[in-house]
Structures are given as structure tokens and as C-alpha cells.
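First comes the structure, then the notes that go with it.
The values are calculated or read from the model by the stated rules, or taken from the named source; none is laboratory data. Every value quoted in this text rests on a predicted model; they were computed, and no experiment measured them. Note that each Cβ is placed from the backbone with ideal geometry, even for glycine, and that neighbours are counted across all protein chains shown. All accessible areas refer to the heavy atoms of the entire protein, side chains included, with ligands and DNA or RNA removed. Shrake-Rupley method; radii C 1.70, N 1.55, O 1.52, S 1.80 Å.
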Amino acid sequence: MLEQIKQWIERRRGGQTGNIAPEKTPNPKVPGDQLLSECRLIVLDLETTGLNASKDEVIAVGAVAINGGAIDLSDQFDLILRRPELDLTETVLIHGIGPEALTQGHETEDALLFLLEWMNGDPVLAYHSAFDQKFLEKTLKAELGYTRNHTWMDVADLLPAFFPDALTGGKGLDHWADFFGLEVSARHHAASDALATAELTLIALNKAHKSGLKTLKELHDKLRYHRRLQSIHGV
Amino acid sequence: MAASNQDNTRPQNTRSIMVFLQAHAPFSNMDDDHLAHFAEHATLRFYADGDVVLAAEDGVVNRFYVVKQGRIRGERHNDKADKTETTFEISIGECFPLAAIVGERPTRTLHRAAGDTFCLSIEQDAFITLISESEPFRDFCLRGVSSLLDQVNQRIQTGAMASMGSSISLSTPLDRYALRNPIVCTPDLPVRKAVARMHENNVGSIVITDDNRHPAGIFTLRDLRTMIAEDTCSLDAPVRQIMTKDPCCLPATADAFAAAMLMAEHHFSHLCLVDENNCLIGMVSERDLFSLQRVDLVSLARTIGTATHLRTLVSLRTDVSRLVDAMLAHGADSGQVVKIITTLNDVTVRRVLELNIKKNDPGIPFTWLTFGSEGRQEQTLLTDQDNGILFQTPDGMTEDQVREKLLPFARVVNDELAECGFTLCKGNIMASNPKLCLSDREWDDWFVRFIDASTPQNLVYSSIFLDMRAIYGPTDSLDELLDKVLTRIQKNALFQKMLAGNAFQRKPPLTMFRNFRYVTDGKKRSLDLKRQGLAPFVESVRVFALANGVKSANTLERMDDLTKAGVFDAKDANAWKDAYSLIQAIRMRSHQEMLERGDELTNYIDPDDLNPLDRRILRESFRQAQRLQQKLEVTYQL
């Protein structure tokens, strides 16, 4: 990963343009007629210092890409951001990232630019995506002044939409992972949680394909419909 | 896991895939760099239950897959039966499709997900890189599962070898051990001169050859000792008077195991090696074969066979277990080891009988029969008695009068065998039972009733009495009896079908989802390797053997004979023999471990105690038992 970023930075800065501007990063894509069986999807998980988006910060970003219906392990993102000034006591226990590992992190700006470049504007999926979206948007705005809207989809909605009768015993990532017998290698590690989320996404996409859902737009609509149903039933 | 977590140069998900791979062969033997290459180039795909993963229509295979979660089922259409058959099962950590990707052709088997399944896969490029750079991976891909079987056997041997410190294999051709140009003499040479020649050459034996260099006899220092002690012959007499005539000969291509078995059975300490014209080319002594061992098969068999007291026989039993260790160390497979144990058990039984005849001769010739696993020559260290007596009623006596003389004798023998470690049979299937001490006519009647009236009890007995062998006394009357029994069974389709139905009841311990089905035994999960693992093979093979007039009782030999008779396909039979032998090997190793710990021997194991390779091979072996039962099902329309 480190090597990749260095190369990328050298490539970008080697050009005459000097520092790249955030607005030069790939345009966010809108759900349209892209085929689910062909398009690229980002599955992402953040580690943060806490749950409060107004005062807590992002520590690490883990993400994998789904390409043409398969998780492509040569196309992944696993990075600790540089946040040495933060008080870590709150989250250090959950994530296992200590101050020492954090200081080995990367220049935040570079890392976030690389993330945007890597994301390539493709739709982003996350478990309880509202949380990750809030944190990522806040960080991108603060560090890069970047405010463009990406398409986000919540895997926590995706699963019950396709498996309404599953007796998971709860709504968490762990519940669904247990339900499908997934083994999560290092829970609460951003990259590892992202992979588990991506595996659940593959299961949902398999079901989507069988129920005739072909395009990204159809999937997006199905999720919106599911959320509306949920709110009507007043849960 | 902890170790690889410290490796922070690789992304977490790459590391976790490497850890996953490391738990399974052949990846467990591969370098980290090669595993990383796999992980970094892998894609992870999901297949729901029943989804097709790979089919012939997909064309030349260009990906190599490893099951990460779930299971893959191989399906082929059987045109004859017009139905789809499962040809194999691939579970967690296993790879596919080996033959197709190596042979650069489409797969011939439909690969379908059995249950929700995730597979890691790499493209052909990455596969080729790994094949060319990683030797363990190359070895595995080119030799397939058979390289795994080798690994299991290797481990059994290294485990046993650790205590032996030797690397000579029993499958080594005798050539390697043989003394070339052994000392020879003519039959007319006086004993004195023959001994002088042995002395000059510092050898313990001399081969007596005729004019054509055919071995005519053998003379050893032991013979000299007996000759002098018992004063049977003069030193000036020609050696032909005292030599052991017609010495045992084997071709040079025979292996050390064959030689050891011959020596053990006949108590020889020397064998001649001959060429295709029966001309002497070498000589093998027991010492050559076992020079590095503390316990040797031949001398143990001889010590048992010449013991003069019961307590000697009892004390020798611990040597048998040490010998099993040694044999495994020397490369004997499980089939060979059970034969060794059976041979030594036979020698023990014979000696107990001989000692009792000396002490208290019942005065009536009899044949000592043995049934069940001993009858099949498939005994392990855990064994109980299943025996009986066959006699011919002397003129002027009734059968009951004969029994009056034989039964007390048999009672003593049964008790003494129990002291030697052959547990008394709980079902009283023993020679001292009046119902099993019968004349040839009575045995014949007994089998007629047995075959005609297929009661449930008779079906239970079938696994005992239909695997029968004589280990002492004349064998002619048993041969005649067996001929009649086989002919009767071959004519009786109903009996065959009932036997088949009974054999079909013994299901291998796999669930519908191909997991192990456990015996409920308190808290611990366990498998009964004998009743659940071996019995399905033994019972099914017995039905085919009896129905097709195969005379041997040994399961592996029965399978060979059935293949020769065209009843079994050679490929199937080999797979079944391998599977059966592997279950037996795992059972024997667990017996040896129990002995080491001083535990009581049982046939139960907890598969969780096995390493992943053994677990996988055990599961595959059970699946082979299912296939054999399917054949039974089709043949007898069960």
C-alpha cells in the first residue's frame, strides 16, 4: 500500500501541474443502467476515534472493490491516517490501534486524495453507511475542501431487503456474518470489516441477480423502497 | 495468526488469506512469498447453494479455485442409469479443477455449490507463476491427491521412525539386502568341511546347490547346534543328510516385506534369492532384514512358536505392540501391519494349542477355526476371540462323545488365550461353546439352516461366520465345507439380498451435508472407526465376494479377486482399497497412541484431534464407502 501511494504521488507530482486539485479526481457516478454483473463497487469501513461525528476523527480506512461480481483482492485499500494529536483512549481498546501505529500513518491529504482517485467515483457501500458517509464527508471537507456527493448504499438495508425472513437475532454486521457463517479474520479492523461487508454484499447481489435485478439503478431503487417500507411500518 | 499479524507490510486482508491458506495442504508447505502472491492475485466469489461454479461449456479452464467456505460437488451424468451422480466433494481449503487446468482443457465434471459457498481463485497467469516457482505447489498440482496420501503415509512413518532411528523400508527390493555370491557347497561335502568353509568366510549359513546351481538345501549354525546337542548326525556324514531340504526361495524382485512374512510364518531365518531359471544368486538372512531393530518379526514369531510356558507367551504380547511401531517405521502400510499382527496371533494361538495338546491331548484330530476379523486376517492390537472347532467323527463314536473330550480342552485354550490378551468373546462365539464345536456334517447342517432361515440374529452372525479360516489342524474338511457354503449362497438370491440389505444399514459417518456424523458418547464427539468406518467396506465387499464365489476372507484380497472377476471396476476397487487402508491406518495409529498413554484401547476417535489433512482424507474415505454402498444398492435394488 505504502509503495503504491508513493508511486502514485510521484506520478502525480512529476507532472507539470504541481499539486493535484481535489476537483480533478474522478467524477462521482450516478446509479443508472450500469450492469451489476459488470460494474465496480466500493465497500468501505472506517475506524474512528469515537461515535460523535462533530468531534471524533477518522483513524483508518479499509476498503475492497467488487469488480464484475467478485471481490478483487488486487484492488483494495488499507491505510492508517496520520492523526498523532488525537486522544485515543476511547477507541484504542476496540480497534487495537495504538498511538505508535498512528504516527506511522501517512500525510492525511495525500492519503485522502489517493482514496478519491482509487474510488474512481464508483458507488460506495458500507455497513450502517450513514456513519461512514458522515465521517468521510466531514474529513474530506476539512482536509481537502472536497464537497462532491457520492452515491452511498447501506449494506445493513441491502441484506434485509433480500433476506426479509432471515432470523439473524439482530441487525449488526456480526449477526449477519454469523447467519451466513462468515469468518471475520480481525473484527474491528477496517479492512477486515470491509471484506466481511463485501462478502455479505456478494450474497445479496447473488440473490438480486436471481430475482431479476440487473442494473445499479434497480438496486438503488429497491433499497429506497425498502427504507420507505420500514419507515411506514414505523420501526 | 499472531506471527503474521506482525507482518505490517502486507494489507490485513492479504495476511488473513495467507493465514487461511496455511492451514491447508499444499499451501501449508509453501513459502510466505508464494502465499502472498496467491492472496494478492486472488478474487473472492460467492455461489449460492446449487449455483454452477464451473461447467464443461465454459471451455478451457483458466482459473484455479480454492474453497474458502462451503463445499463444491462434482456431478457427472451416468448415461446407463440415466441419473446424475456425485463423483467428488471439495470442501474448505481444497482446490479444483486440478486435472483440467494442468491439462489446459475444459472440465469434464459439473462443479456445483453444495450450500452457500465462497471460493478464492487466481487466473492462469498467477497459477503458472506459482507452479513454476513453488515446488510443493507444483508437486501437488501435478500429482494431485495421491501426493496427499503420500504425506499421510510419510507422517505415520516418521512418527514411528522417531523411536526407531532407521530409514530402511520394507518395500525395498530384496536385492538391496541380499548377500551376493553366498557361500555354497555340493550335497556330498562332509559336514565338517562345510562348517570349516562357513568359519573361513565368517558366515552363519551355507547353501547346498546341485550341478545347475539350483538351491537344494541350506545348513546353518543353528542346525549344527541341534545336530550336536541331539547327536543326530556325524560330522563326517555328507551335508545332504542334515541340511534343510528345499529351502525357501524368492525372486530378487520380491520386497523385504514378502521375505519377512515368509520367515515369520515358517520360522526360517534364511531365504535364497533366485533368478528366473531358479539359479541361486543371493541369500537374505533375518539379521540382514532387521539388523537395526530391537524387536524383529521373525525372531519374535519363533520365540512365540517355541515358547514352553503360557507365561512366556503372555509376556511376549508387549513385544508385538513394539513390533507394530517398528513395522510402521519401516514403511509397512496398514494392510501389511494387520497381516503381521494376524500372523503373530496365529502363531500364538497355535502355540497355546500345541502346549495344551502336549499336556492333555484330547486324542481326537480337530481343525481350529477362527472367524470375524481374525478370519479375515484383519486384526489389530484390539482383538477378541471368535473361534470354533471342526472335527471328523471317528468310527464308533457319536458326535456328543467327541464333544465330551474336546470341550474341556477348548475351555482351557479359550481361557489361556484370554490371558494372552485375546479378550473372551461376549457373545460366546468360542470353541468351548458346544454349538460351535461341531463335526463336518453338523457344520454343513448349521450353514444350511443359517442360509435358509435369514433371521435377524443370523444376519448379525453373517459378519462372523462367513469370514472363516483354519489356523490349526487339517484344512481339507474346511475347504469342502466352504465350497458347499459358497455354492449355496450363490444359488440363493434371497439370502444375498438380505445380506446386502444388512450391509446397507451400516452407513458411513457422514451427514447429508458431508460433515462427520458423530456417535453420541457423553460430551465428547467421536467416530467409531471400526463400526462406522471399516464395517461398511467389510460388509459390502463380503456380499459381493460370497455372491461371486470368491473364497478368500481378507477384505483387500476379496476386492482384488472381485476386480479380476470383473465385478469391480479396477479404478473403483483401487479407490476403495486406498480408503479402507487409510481408515485402518488412522485407527492403528490411534491405538499406538493410546498404548503410549497407557489408555485402554478403543476404536473411537475425535476427528477434531486429527490434523486437517487426516480429517480431509478420512472424510474422503467415508465418501468412498458411500460409493461402494451405492453399488450395493444398484446391484440388489435395495
Compactness of the range B:235-377 as Cα Rg over 2.2 N^0.38 Å, two decimals: 1.18
Using alpha carbons only, how many angstrom separate the centre of the range B:193-244 from the centre of the range B:376-409? 41
Accessible area of residue B:552, 1.4 Å probe, to the nearest 10 Å²? 30
Note: A:202-214 gets an average of partner chain Cβ contacts (10 Å, Cβ to Cβ) equal to 2
In Hz, Karplus ³J(HN,Hα) per residue of the range B:335-349 (6.51, -1.76, 1.60; θ = phi - 60°; x = Gly, Pro): x, 5, 5, 5, 5, 4, 4, 4, 4, 5, 5, 4, 4, 4, 4
Tell me the accessible surface of residue B:87 in square angstrom (1.4 angstrom probe, heavy atoms of protein chains only), to the nearest ten. 50
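State which stretch of chain B is the longest one without any exposed GluC sites (Glu not before Pro), exposure meaning a DSSP loop state and at most 11 other Cβ atoms within 10 Å.
Values: sites that count: B:104, B:276, B:600.
That gives B:277-599 as the longest site-free run.
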Charge dipole magnitude, Cβ of K and R +1, D and E -1 - the range B:1-120, Cα centre, debye nearest 20: 120
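What is the magnitude of the charge dipole of the range B:86-144 about its Cα centre, with +1 placed on the Cβ of each Lys and Arg, -1 on the Cβ of each Asp and Glu, and no other charges, expressed in debye to the nearest 20? Spell out each step's value before the answer.
Values: 5 positive and 9 negative charges, 60 e Å.
So the dipole magnitude of the range B:86-144 works out to roughly 280 debye.
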Which ³J(HN,Hα) values, rounded to whole Hz and listed in residue order, are derived for the range B:607-621 from phi using the Karplus coefficients 6.51, -1.76 and 1.60 in 6.51 cos²θ - 1.76 cosθ + 1.60 with θ = phi - 60°, glycine and proline given as x? x, 5, 6, 7, 6, x, 5, 5, 4, 5, 5, 4, 5, 5, 5
Restricting to Cα pairs below 8 Å that are 6+ residues apart, what does the relative contact order work out to for chain B? Please round to a whole percent. 9
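Hey, got the average number of other protein chain Cβ atoms within 10 angstrom for residues in B:37-49?
The mean count of partner-chain Cβ atoms within 10 Å per residue comes to 5.
Which of the chymotrypsin sites (Phe, Trp or Tyr not before Pro) found in the range B:245-323 are loop residues per DSSP with 15 or fewer other Cβ atoms within 10 Å of their Cβ? Walk me through the numbers before you get to the answer.
Values: sites: B:257, B:268, B:290; in loops: B:268.
Passing both the DSSP loop test and the Cβ count: no residue.
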Rounded, prolate or oblate for the range B:2-143? Axes are the square roots of the Cα gyration tensor eigenvalues, ordered a ≥ b ≥ c, and the cut-off for rounded is a/c under 1.5. prolate
In the protein assembly as shown, taking the dipole from +1 charges on Lys and Arg beta carbons and -1 charges on Asp and Glu beta carbons about the Cα centre, the listed residue (B:281, B:377, A:35) farthest towards the positive end is B:377
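Quickly estimate the mean residue ellipticity at 222 nm for chain B, helices only: each DSSP H run with n ≥ 4 gives -39500 (n - 2.57), and the total goes over all residues, rounded to 500. The partial results should precede the final answer.
On the way: 24 runs with 313 residues, N = 638.
Calculated from helices alone, the mean residue ellipticity at 222 nm is -15500 deg cm²/dmol.
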For residue B:254, which sequence-distant residues (separation of 5 or more, or a different chain) have an amide H within less than 5 Å of its own amide H, given hydrogens modelled in the peptide plane? B:174
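Between residue B:455 and residue B:192, what length in nm is gained on full extension when 0.36 nm per residue of separation is reduced by their alpha carbon distance? The partial results should precede the final answer.
Numbers: separation 263, 0.36 × 263 = 94.68 nm, distance 6.84 nm.
Extending this stretch completely gives an extra 87.8 nm.
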Return one quarter of the surface area of the convex hull spanned by the alpha-carbon atoms of the protein assembly as shown, equal to its mean projected area, in nm². 49.4
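At a Förster radius of 25 Å, what calculated FRET efficiency corresponds to the Cβ-Cβ distance of residue B:525 and residue B:33, to the nearest 0.05?
Numbers: r = 38 Å, r/R0 = 1.52.
For residue B:525 and residue B:33, the calculated efficiency is 0.10.
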Determine which lysines satisfy two conditions relative to residue B:405: a Cα distance under 27 Å, and not lying fewer than 8 residues away in the same chain. B:358, B:359, B:426, B:435
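Kirkwood Rh over alpha-carbon pairs of chain B, then Stokes-Einstein at 4 °C and 1.567 mPa s: what D in µm² s⁻¹, rounded to an integer? Intermediate values should be presented prior to the final figure.
Working: Rh = 28.1 Å.
This corresponds to a translational diffusion coefficient of 46 µm²/s.
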Quote the total accessible area buried by chains B and A together, excluding ligands, DNA and RNA, probe 1.4 Å, nearest 100 Å². 1800
Name the lysines eligible as straight-distance cross-link partners of residue B:551: C-alpha to C-alpha under 17 Å, and not fewer than 8 places from it in the same chain. B:484, B:491, B:564
Please state the shape class of the range B:342-457: rounded when a/c is under 1.5, otherwise prolate if a/b exceeds b/c and oblate if not, all from the C-alpha gyration tensor. oblate
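Using a 1.4 angstrom probe on the protein heavy atoms only, line up B:491, B:359 by accessible area, largest first. Present the calculation step by step, with values, prior to reporting the outcome.
Values: B:491 165, B:359 145 Å².
So the residues, ranked largest to smallest area, are B:491, B:359.
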Amide H partners (placed H, <5 Å) of residue B:69, local residues excluded: B:118
Relative to the compact-globule estimate 2.2 N^0.38 Å (N residues), the Cα gyration radius of the range A:35-232 stands at a ratio of 1.02
Tensor-based shape of the range B:208-267 (alpha-carbon gyration tensor, a/c under 1.5 rounded, otherwise prolate or oblate): oblate
Hey, which of these cross-link pairs are over 18 Å Cα-Cα: B:571/B:631; B:339/B:577; A:138/A:217; A:171/A:214? A:138/A:217; A:171/A:214
